[in-house]
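Heads up, the thing below is written out as structure tokens.
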Amino acid sequence: MRVQIFEDFDLSGDGPIYRRLKARLAGAIGSGALVHGAALPPERELAQIVGVSRVTVRRAIAELTTEGLLQRRHGAGTFVMRPPARIEQPLQRLTSFTQDMQARGLKPSSLWLERGVHAATAEEIEGLKLGENASVARLSRIRLGDDLPMAIEHSTIPADILDRPEAVESSLYSVLAERGVTMVRAEERITACLLSAEQAALLTVPAGAPALHIRRTGFDAGGRPLEMTRTYYRSDIYDLVADLTYAGDL
Ligand code: 16G
């Protein structure tokens, strides 16, 4: 990172110095002078460059981290998190997260939270039309585009369709397709929600931030449910876009 950016910070003005430093850092992130993924200099170094105390730097960084503009990675340092331009997600096409990211030129990846086979709950039995003692594969992951967390996703798939969830490394739909399983239709229910502190931390947004919650049930050609997935999309990034046709009855 070019140190010059920080040397040029003008910290004159009113109010506490940490707030002025915070505003300059936020401004540099907003203008693109500090790009997404860039590492800030270590606290001590940054304090020296801008001519303030380490306590001041720490406080400015802590607030920007809470607000989601910076991210602290244990042992690695502090990184700039700059949301990309908003993502428009069409509602009429049955696509996977991997396809959605690739179509936008973003690199899809996942951070795994859970991957295993479990006894199905009553809700899973009902939603996936399973027998009483059925097992299901559960996949929980943070979905990222160009290393920026976009969504948290919890998927349940009948275990007779996916017996080894570890087989899913990147795309669930690719693994299903390799097994000759094709999803041809899906139902979605979209609701608004507020993220818990834990969910917000995973998505690097402030606790209590709003999100779009989508529940998808996907079916094969015979109408058998293949997946039940809950996805929490960051609403500061995602727009869900529908294409409507005049019904001719106005
Ligand atoms: C999307 C789907 C989700 C599906 C996942 C598969 C929505 C709301 N959800 O996130 O149901 O499980 O894609 O993605 O679109 P993958 O093949 O990249 O794992």
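Coordinate-derived values only; no laboratory data. Model, not experiment: these values are computed from the prediction. All Cβ positions, glycine included, derive from the backbone under ideal geometry; neighbour counts span all protein chains shown.
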Length-normalised contact order for region 1-104 - Cα pairs under 8 Å, 6+ apart - percent: 26 percent
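Based on DSSP H assignment, which helices of the chain show an axial Cα extent of at least 20 Å together with a mean Kyte-Doolittle hydropathy greater than or equal to -0.5?
17-31
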Cα→Cβ-extended label distance, 7 Å offset, between Ala23 and Glu126, nm: 5.4 nm
FRET efficiency, 1/(1 + (r/R0)^6) with R0 22 Å, evaluated for Glu88 and Cys193 via beta carbons: 0.60
FRET efficiency, Thr182 to Arg58 (Cβ-Cβ, R0 41 Å, nearest 0.05): 0.20
